[in-house]
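K.L.:
So that we are looking at the same thing, I have put the structure below in structure tokens.
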Amino acid sequence: MSKKKLALYWNASCGGCEEAVVDLGEDLLKAAKVFEIVLWPVAMDYKYKDIEKLKDGEIDATLINGAVRTSEQRNKAELLRKKSKTVVAFGSCAHTGGIPGLANFHRKKEFFNWIYHDSPSVTNPDEIQPQEKTSVKEGELHLPRFSDTVKTLDDVIEVDYYLPGCAPPVDLIKEALNAILKGELPEKGAVLAPDKALCSECERNESKPEKIDLKNIKRVHTKKLDEEKCFLEQGVICMGPSTRSGCGERCINANMPCRGCFGPPPRVKDQGLKFLSGLASLFDASETEEIKKIVEGITDPGGLFYLYSLPSSLLKRKYVTRREKEMEKIKELKKEIEKREDEIEEKTKELQRKLRELEDKNSNEAL
């Protein structure tokens, strides 16, 4: 019996999902006996041209982790989609955008300006920054196009299944591989994790009071957290109510609140918005100033409520108003004018220097 072909690929991610596969331990060796791994760049030396030579749909399953930001990542995702019967969005970044997706609160231009021009540690008088094409004597060099928006995997290709988590836990990875091997995958579009919220499995749920009244919001480092009590009861933000279960409560067991890496539970489109609506109902306040005081305790709400899910949310990204675009153009024009003025000043100095040299030469010849 021939082995099923399996591919693993990574896009914009930290590499944690790759480590999660390695964490299979001896089971990884068992997987290698029943799967023919045709692509796994982080671990084995395979070439993309080898994938291009495969027939369409020849790969039985491909696990792709990481969000999509560059043209190279998009091209490889499209190629693997074409060559695969089944594609799994593997991990938070592929599933909901993940931490790389927080970049959508800014624009590409802001990153490039900071990294190559404005950062205090940068010295770049010639204002050089990466170009998509550069000509050298040996030929033309190309870099992948860096897009303005971080996207989830299903924003660019059709995805069959989702395996959530940062990183996905070993037990869910094994279940997914077994289902692929045996042909027992659920209906397409399914998330390969339990269909309920994390709170329903949390042991602290048993001691949670029927009603929580929040008078203020605390950060985890500002108080000693009770290991038995619900985090929300203690005034600490925990994304458990709006996060899918299946993670094994790894953060909760370490006495840290959930941050939402498993994405939203079933029938929830916007994880951050779902949590916000629930959180507001816990405020023990009726006056505007009281509510304002509680809200002020939430540091970086965007980064907190959308830590893993901004690209897949209703927000998607920060949008720029027409006025902001016009102000940017004005700023660019001013910068260009200053640059031209500097060039004119330098040329003027050069001409004055040459004029003085000619005058000195004429004066010497007259003598």
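The values are calculated or read from the model by the stated rules, or taken from the named source; none is laboratory data. Note that the structure is a prediction, hence the values are computed from the model and not measured. Note: ideal-geometry Cβ built from the backbone for every residue, glycine included; neighbour counts use all protein chains shown.
K.L.:
Limited to segment 223-232, what total is found for residues that are surrounded by fewer than 19 Cβ atoms within 10 Å (Cβ to Cβ) and modelled with pLDDT of 90 or more?
P.N.:
6
So that you can scan it fast, the table gives a plain yes or no per residue for (1) surrounded by 14 or more Cβ atoms within 10 Å (Cβ to Cβ); (2) in a loop (DSSP other than H, G, I, E, B); (3) in contact (Cβ under 8 Å) with a residue 60 or more places away in the chain:
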{"residue": "ALA103", "(1), (2), (3)": "yes, no, no"}
{"residue": "TYR116", "(1), (2), (3)": "yes, no, no"}
{"residue": "PRO125", "(1), (2), (3)": "no, yes, no"}
{"residue": "ILE173", "(1), (2), (3)": "yes, no, yes"}
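K.L.:
Let me ask another. Select from segment 1-15 the residues that are in a loop (DSSP other than H, G, I, E, B), more than 26 Å from ARG69 (Cβ to Cβ) and not polar (S, T, N, Q) and write down the one among them that is nearest to the chain's Cα centre (by Cα).
P.N.:
By that ranking, first place goes to LYS3.
K.L.:
Go through LYS269, LYS211, LYS274 for me and flag whichever is modelled with pLDDT under 95, closer than 26 Å to GLY66 by Cβ, assigned to a loop (DSSP other than H, G, I, E, B) and outside the structural domain of VAL150 (by TED's automatic domain parsing).
P.N.:
Just one listed residue meets the conditions, LYS269.
K.L.:
Looking at PRO168 and the list (1) within 24 Å of the chain's Cα centre (by Cα); (2) without any contact (Cβ under 8 Å) to a residue 60 or more places away in the chain, which single condition is not satisfied?
P.N.:
(2)
K.L.:
Only one of these conditions is not met by LEU54: (1) of a type outside the set (Asp, Glu); (2) surrounded by 14 or more Cβ atoms within 10 Å (Cβ to Cβ); (3) touching a strand residue (DSSP E or B) at 6+ places or on another chain (Cβ under 6 Å). Which number is it?
P.N.:
Of the numbered conditions (1) of a type outside the set (Asp, Glu); (2) surrounded by 14 or more Cβ atoms within 10 Å (Cβ to Cβ); (3) touching a strand residue (DSSP E or B) at 6+ places or on another chain (Cβ under 6 Å), the odd one out for LEU54 is (3).
K.L.:
Any chance you could count how many residues in segment 16-56 are under 28 Å from the mean Cα position of the chain (by Cα) and not in a helix (DSSP H, G or I)?
P.N.:
The qualifying residues number 14.
K.L.:
Within segment 329-342, is even one residue under 22 Å from ARG107 (Cβ atoms), hydrophobic (A, V, I, L, M, F, W, C), assigned to a helix (DSSP H, G or I) and at pLDDT below 85?
P.N.:
yes
K.L.:
State which residue is surrounded by the most Cβ atoms within 10 Å (Cβ to Cβ) when the search covers only segment 31-51 and only residues that are farther than 17 Å from ASN75 by Cα and of a type in the set (Val, Ile, Thr).
P.N.:
Filtering first and then ranking leaves VAL38.
K.L.:
Take the conditions outside any loop (DSSP other than H, G, I, E, B) and aromatic (Phe, Trp, Tyr) and apply them to PHE262. Does it pass?
P.N.:
Judged against the criteria, PHE262 is not a match.
K.L.:
Filter segment 127-154 for residues that are in a loop (DSSP other than H, G, I, E, B) and in contact (Cβ under 8 Å) with a residue 40 or more places away in the chain; which is farthest from PRO311 (Cα to Cα)?
P.N.:
PRO144
K.L.:
If you don't mind, another one. Can you tell me which residue in segment 196-208 is farthest from PRO169 (Cα to Cα), limited to those that are in a loop (DSSP other than H, G, I, E, B) and out of contact with any strand residue (DSSP E or B) (no Cβ under 8 Å at 6 or more places or on another chain)?
P.N.:
Once the filter is applied, the top-ranked residue is LYS208.
K.L.:
Going through SER281, SER309, SER286 one at a time, which residue ends up being surrounded by 11 or more Cβ atoms within 10 Å (Cβ to Cβ) and of a type in the set (Ser, Thr, Tyr)?
P.N.:
Just one listed residue meets the conditions, SER309.
K.L.:
Can you name the residue in segment 1-15 that is modelled with pLDDT under 95 and of a type in the set (Ser, Thr, Tyr) and is also farthest from GLY97 (Cα to Cα) among such residues?
P.N.:
If we take residues in segment 1-15 being modelled with pLDDT under 95 and of a type in the set (Ser, Thr, Tyr), then SER2 is farthest from GLY97 (Cα to Cα).
K.L.:
Can I ask one more? Kindly provide the set of residues from segment 242-255 that are closer than 23 Å to ASN216 by Cα and more than 22 Å from the chain's Cα centre (by Cα), ordered by number.
P.N.:
Correct list: ILE252, ASN255.
K.L.:
With respect to VAL295, is the statement that it is of a type in the set (Val, Ile, Thr) and assigned to a helix (DSSP H, G or I) true?
P.N.:
For VAL295, the condition - of a type in the set (Val, Ile, Thr) and assigned to a helix (DSSP H, G or I) - is met.
K.L.:
Return yes or no: is CYS238 under 21 Å from ASN216 (Cβ atoms), in contact with a Pro (Cβ under 9 Å, 6 or more places away or on another chain) and not assigned by TED's automatic domain parsing to the domain that holds TYR162?
P.N.:
Yes; evaluated as a whole, the condition is true for this residue.
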